[in-house]
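Remarks on the structure that follows.
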Amino acid sequence: MNYATVKYNDVANGPGVRVSLFVSGCRHRCKGCFNSEAWDFNYGNEFDGSVIDSIISALEHGYVEGLSLLGGEPLEPENQEGVLALVKRVRELLPKKTVWCYTGFCFEELLEKVNDGNAVLGELLSLIDVLVDGRFVEDKKDASLIFRGSSNQRILDLKASISQGKAVLLDGVWKRKMGSTDIYEV
């Protein structure tokens, strides 16, 4: 697996300060994608143990809320094992950190793949807290949305979704204006 970049102090892809891994490779190729250079599976650098170590080190800071997985497409079959290795380490060493995953797949597509026997994907999904699902649709782009680019995308409580076998929207994600400060609550 390759990765495009790691942002060690990201405030755009989930609540609070996060470490965000942008993997390489995506077959969705959404029109208007903000990260189209990462469609190529060979783009960027090789994802290895040293990258995992640097991400874990950055996540250890108390001010960091958690890890966000983006792309490219973190749930492409070619990326699942590498992403799983990272998320397992995060869960083992930093279990209180939240894990968000942005994917162009819909939850229902992923659930079907797991039910068809994709054990790696099943284990990976079981370790993720929040799934932002659905392809980016340029005609539905809305800059006022929180943590998503187009209005068709959903922010899902992944544990509840897996438990119930259907997409469950995450309660309590909203934006309030307080003076000149935006407050995000989860």
Pick from the stretch 116-146 the residues that are within 14 Å of the chain's Cα centre (by Cα) and assigned to a helix (DSSP H, G or I): which of them is nearest to LYS159 (Cα to Cα)?
-> SER126
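Suppose the filter is touching a strand residue (DSSP E or B) at 6+ places or on another chain (Cβ under 9 Å), closer than 14 Å to ASN2 by Cβ and assigned to a helix (DSSP H, G or I); does VAL87 pass it? Please lay out each step first, then the result.
Working: touching a strand residue (DSSP E or B) at 6+ places or on another chain (Cβ under 9 Å): yes; closer than 14 Å to ASN2 by Cβ: no; assigned to a helix (DSSP H, G or I): yes.
Against the criterion (touching a strand residue (DSSP E or B) at 6+ places or on another chain (Cβ under 9 Å), closer than 14 Å to ASN2 by Cβ and assigned to a helix (DSSP H, G or I)), VAL87 does not qualify.
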Is there a residue in the stretch 135-147 that is over 15 Å from HIS28 (Cβ atoms) and crowded, with 18+ Cβ neighbours inside 10 Å?
-> yes
Within the stretch 9-24, which residues are surrounded by fewer than 22 Cβ atoms within 10 Å (Cβ to Cβ) and touching a Lys or Arg at 6+ places or on another chain (Cβ under 9 Å)?
-> ASN9, ASP10, VAL11, ALA12, ASN13
When ASP129 is run through (1) at pLDDT 95 or above; (2) surrounded by fewer than 20 Cβ atoms within 10 Å (Cβ to Cβ); (3) farther than 16 Å from ASN13 by Cβ, the failure sits at (3)
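Does ASP53 satisfy the condition of being more than 24 Å from ILE155 (Cβ to Cβ) and loosely packed, with under 13 Cβ neighbours inside 10 Å? Full working, then the answer.
Details: more than 24 Å from ILE155 (Cβ to Cβ): yes; loosely packed, with under 13 Cβ neighbours inside 10 Å: yes.
Yes, satisfied.
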So is SER150 in contact with a helix residue (DSSP H, G or I) (Cβ under 8 Å, 6 or more places away or on another chain) and modelled with pLDDT under 95 or not?
-> yes
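The values are calculated or read from the model by the stated rules, or taken from the named source; none is laboratory data. Since the structure is predicted, the reported quantities are computational estimates derived from the model, not experimental observations. Quick reminder, even Gly has a Cβ in these numbers, built from the backbone with ideal geometry, and neighbours come from all protein chains shown.
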